[in-house]
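Visitor: Dropping the structure in here first, questions after.
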Amino acid sequence: MVVIRLQRRGTKKAPHHRIVAADRRHAQRGRVLETLGYYDPSDEPPLFSLDEARLGYWVSTGAQMSQAVASLVKRFKRTRAHAA
């Protein structure tokens, strides 16, 4: 099963994350099918970028979003709607 999840990158005290589509059986830092975006919580405001078209494609093929990714997508869609 394919899951859309965060892949931790960066150093010990300065983490940032990639949003990736990967097989659930692979390790967190293991092989990914596609990189969909990134999230950097250390900046103010946090940096967030996501290819929504590709996210839609993976969800339409049956991929499940992790709870962390789902909450990030919901949070940043809400803030983007307020900014517009």
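Visitor: Against the definition (on the phi < 0 side of the Ramachandran plot, among the charged types (D, E, K, R) and free of Cβ contacts under 8 Å to residues at least 40 places away in the same chain), how does R9 come out, yes or no?
Guide: Answer is yes for this residue.
Visitor: Still on this structure: Hey, any hits in region 47-57 for a residue that's touching a strand residue (DSSP E or B) at 6+ places or on another chain (Cβ under 7 Å) and either at pLDDT below 90 or acidic (D, E) (or both)?
Guide: Taking region 47-57 as the starting set, the residues that turn out to be touching a strand residue (DSSP E or B) at 6+ places or on another chain (Cβ under 7 Å) are 47-51, 54-55.
Imposing the further condition that a residue be either at pLDDT below 90 or acidic (D, E) (or both) reduces the set to 51.
Yes, region 47-57 has at least one match.
Visitor: Still on this model: Select from region 51-60 the residues that are loosely packed, with under 13 Cβ neighbours inside 10 Å and not hydrophobic (A, V, I, L, M, F, W, C) and list them in ascending order.
Guide: First, pick out the residues of region 51-60 that are loosely packed, with under 13 Cβ neighbours inside 10 Å: 52-53, 56, 60.
Across region 51-60, the qualifying residues are E52, G56, S60.
Visitor: Still on this structure, I have one more. Filter region 27-59 down to residues that are in contact (Cβ under 8 Å) with a residue 40 or more places away in the chain and of a type in the set (F, W, Y), then give me how many there are.
Guide: 1
The values are calculated or read from the model by the stated rules, or taken from the named source; none is laboratory data. Being a predicted model, the structure only gives us computed values, none of them experimental. We place every Cβ from the backbone using ideal geometry, glycine too, and count neighbours over all the protein chains shown.
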